[in-house]
Amino acid sequence: MRQLILSLIESALKFPNWIISTIIETLSEDDSEYLENEFNINKASFITSNIKSWIEHIDPVTNKFMLGIVLNFPTAKTGREIVHQTVVRILKETLGDYIYNHQIENIIIHNQLPNDKEVLELKELKLFLEYK
């Protein structure tokens, strides 16, 4: 991504007194605090920042991502629908409705991390999707 941005800047037309630059914003204070919020699903607690995700699939028609998700606690005793709805709500609140609705097709919750995928923490996922 960085190389693409640098190439774009280098190929841009030169205008006198214009400086072209790029900025990658860090999470705001509100976002940082939100990532440490604790949620409860049927008496099981987890911290938002412990959600791990990866790109499981990209829909070739919509170009949206199917995300794999792992939480930091077992979810077998909790209703799958409740877990799914809670994680979707957290993602929408963290990423924003616009990014979620326009870039994520759906999520699949797994019990363990994959060996062959790049795993992203929630804050890394947010940055990835913002600058995709």
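The values are calculated or read from the model by the stated rules, or taken from the named source; none is laboratory data. Note that the structure is a prediction, hence the values are computed from the model and not measured. Using ideal geometry, Cβ is built from the backbone for each residue, glycine included, and neighbour counts are taken over all protein chains shown. Remember, those area values only see protein heavy atoms, side chains included, never the ligands or the DNA or RNA. Shrake-Rupley method; radii C 1.70, N 1.55, O 1.52, S 1.80 Å.
The criterion of being within 30 Å of S7 (Cβ to Cβ), open to solvent by 30 Å² or more (accessible area, probe 1.4 Å) and at pLDDT below 70 holds for T22. Annotation note: Cβ proximity below 9 Å between a residue of region 89-101 that is touching a residue at least 40 places away in the same chain (Cβ under 8 Å) and a residue that is open to solvent by 10 Å² or more (accessible area, probe 1.4 Å) and among the basic types (K, R) (sequence gap 6+ or interchain) occurs for T94/K123; T94/K126. Within region 71-130, the set of residues being in contact with a strand residue (DSSP E or B) (Cβ under 8 Å, 6 or more places away or on another chain), closer than 13 Å to S53 by Cα, open to solvent by 60 Å² or more (accessible area, probe 1.4 Å) and in a helix (DSSP H, G or I) comprises just one member, F128. Among the residues of this structure, T62 counts as one that is part of a loop (DSSP other than H, G, I, E, B), modelled with pLDDT of 80 or more and open to solvent by 30 Å² or more (accessible area, probe 1.4 Å).
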